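Asks: Take a look at the following structure, please.
Derivation of every value follows stated rules applied to the coordinates shown; laboratory data play no part. The model shown is predicted, which means the values in this text are computed figures rather than measured ones. Every residue, glycine among them, receives a Cβ derived from its backbone with ideal geometry; neighbour counts consider all protein chains shown.
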Amino acid sequence: MAEPLLHDASAPAANADGPLLRKLVIVGGGTAGWMAAAALSKVLRGRVQIELVESDDIGTVGVGEATIPMIQQFNKAVGLDENEFLRETQGTFKLGIEFVNWRERGHRYFHGFGWFGQALHSTRFEDYWQKHWQRGTAQDLDDYSIGHQAALAGRFMRPTTEFGPSPLADIAYAFHFDAHLYARFLRRVSEGRGVQRTEGRVVQVHQHHNGHVRSVQLASGAVVAGDFFLDCSGFQGLLIEQTLKSGFEDWSDLLPCDRAIAVPCAPAPQLLPFTRSTAHTAGWQWRIPLQHRIGNGHVFCSRFMSEDEATHLLLTNLDGEPLAEPRTLRFTTGMRKQPWVGNVLALGLAAGFMEPLESTSIHLVHTALLKLLQFFPDRGFNPVVIAEYNRQARFEWERIRDFLVLHYHQTLRDDSPFWRHCRQLSIPDTLRAKMDLYRAHGRVFREADELFTEVSWLQVMHGQGLRAEGYFPLVDVVDDHAVRHHLQNTRDIIQRCVPQMPTHEAYIARHCPAPAPTALASRMAPTAHPLEPTA
């Protein structure tokens, strides 16, 4: 779990002669820019002037955003009411991701949020499950997940203790929402706290003699100066790359997809509380259900499929009528070699790109802001502080990269050149070590603050077909009969709990229904997704 975003709500007034920054400039809006503005305006409490520069002439493209549960922490920290947030963003709830055709064609598995069962004698539930699944005396993993069983039934509720200590008290969830509307919502919050928005397109960057950025000049001729700059300019990295030459580390040898076709479509009759990822012959398709439409996209590798083929495949696999023309986005997976250089810190797509397979785009903005607050600079910009930020950012990005590579590499598919290529990838040593450890006795260990937990790794390793050759020996301390009873009892309780939950549609209708957009607005309003250009 990430730490709370806010640390000290009673900070003393800033000393004009002290080291605190006087002005912070955010270059670029979109999701990353307005998340930064909302978070920093809450923390800095008007002691540091914040100005955000963006251009209405530079639009955003896309169809929806999926998240992971830590988004709740960010929203709470910046003071958002959850029901209002969902109404304002056409949002829905998310219990996890269903993966279709990834291990092999026709196979499905679920990467859900939360935990499995209860530990016995200090040994994790999943270790007991591993032994009994290998022996044929336990059901498959998904049967012990309240999130997966609720998702299958199309049901949702926030965690509650109304029914006592049951799985209903442990429901973990995230959201789907229109990221353009989210940025607009955060803009309103930020401007209410004194953030100044300046309209304009950056045409020139001015630097100090030491290379630090002094100011940005807009097409209007206006000059915006500051002490510290957050680069939220999207793929182009206007400050971090074009000006400060951070360099980009290309990971396309590990994650070869380099294109996405995106299109929204009309909603389906049932509003599902999960994201779906469906593997195709040269990539995969996302499906993100919002209240007013479904966001869809086809991520693929242009070495193995043309744009026309990819577009046709996407359009023939939609739930409803397309609501816009398909748009193509080109990307290279990887990260800036140094996301913080001098007095410039890159956020969002300016910092790097990770395909949205596990919904990590917004989370990476959130954790970058957390680290920024932990290493918040003074006007001297100590290089030791900057180096530590960059080290921690690299660790986080590389471990997420490994998790994504697992999906592609650990597959039984050999029905297309793309999947045969993925099976033969030379994977990072860090991923190889995790896979080897799991194969030995079904164990996964989370290193330091890497994002994905042991349970996440377990679900994807097992779902993708990686099998353990043994099990954790300490489970033999407990009598097999008692363990089988514990497993069956867990499954039975979940089966009794799910019918107590309302349908996803009914829950939203009761707590957070969004206003219905007009037909024209639903077709024309800009939306955004993890690939959005935000300059």
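Asks: In region 438-497, which chymotrypsin sites (Phe, Trp or Tyr not before Pro) are in a loop and have at most 11 other Cβ atoms within 10 Å, using DSSP for the loop call? Don't jump to the answer; show the numbers that get you there.
Replies: Values: sites: TYR438, PHE445, PHE452, TRP457, TYR471; in loops: PHE445, PHE452, TYR471.
Loop-located and lightly packed - PHE445.
Asks: Would you list which aspartates and glutamates come within 14 Å of LYS245, measuring only between C-alpha atoms, while excluding same-chain residues fewer than 8 positions from it?
Replies: Once the sequence-local aspartates and glutamates are set aside, what remains near LYS245 is ASP231.
Asks: Based on other C-beta atoms within 10 Å, arrange THR360, THR333 from fewest to most.
Replies: Numbers: THR360 25, THR333 21.
Result, fewest neighbours first: THR333, THR360.
Asks: A further question follows. What is region 220-350's relative contact order, in percent, from Cα pairs under 8 angstrom and six or more apart in sequence?
Replies: Answer for region 220-350 is 40 percent.
Asks: While we're here: Pick out the long, greasy-scoring helices in the chain: whole DSSP H runs spanning 24 Å or more along their own axis by Cα, mean Kyte-Doolittle at least -0.5.
Replies: Span-like helices here: 383-409.
Asks: Relative contact order for the chain: what percent, with Cα pairs under 8 Å and sequence separation of 6 or more?
Replies: Normalised by residue count, the contact order of the chain is 25 percent.
Asks: Sum -39500 (n - 2.57) across every DSSP H segment of at least 4 residues in the chain, then divide by the residue count to get the 222 nm mean residue ellipticity, nearest 500.
Replies: Only helices count here, giving -10000 deg cm²/dmol.
Asks: Continuing with the same structure: When only C-alpha pairs under 8 Å and at least 6 residues apart count, what is the relative contact order of region 356-428, in percent? Each step should come with its number before you reach the end.
Replies: On the way: 25 pairs, mean separation 16.5, N = 73.
The normalised contact order for region 356-428 reaches 23 percent.
Asks: Separate question: Over 42 Å, how big is the tail of the calculated P(r) for the chain, in percent of all Cα pairs?
Replies: In whole percent, the share of Cα-Cα pairs in the chain beyond 42 Å is 20.
Asks: Taking neighbour Cβ counts within 10 Å as the exposure measure, how do ILE362, ILE146, ILE508 sort from fewest upward?
Replies: The order, fewest Cβ neighbours first, is ILE508, ILE362, ILE146.
Asks: Sticking with this one: In which sequence would CYS257, CYS232, CYS422 go, from the one with the fewest C-beta neighbours within 10 Å to the one with the most?
Replies: Details: CYS257 26, CYS232 33, CYS422 23.
Arranged by neighbour count, lowest to highest, CYS257, CYS232, CYS422 become CYS422, CYS257, CYS232.
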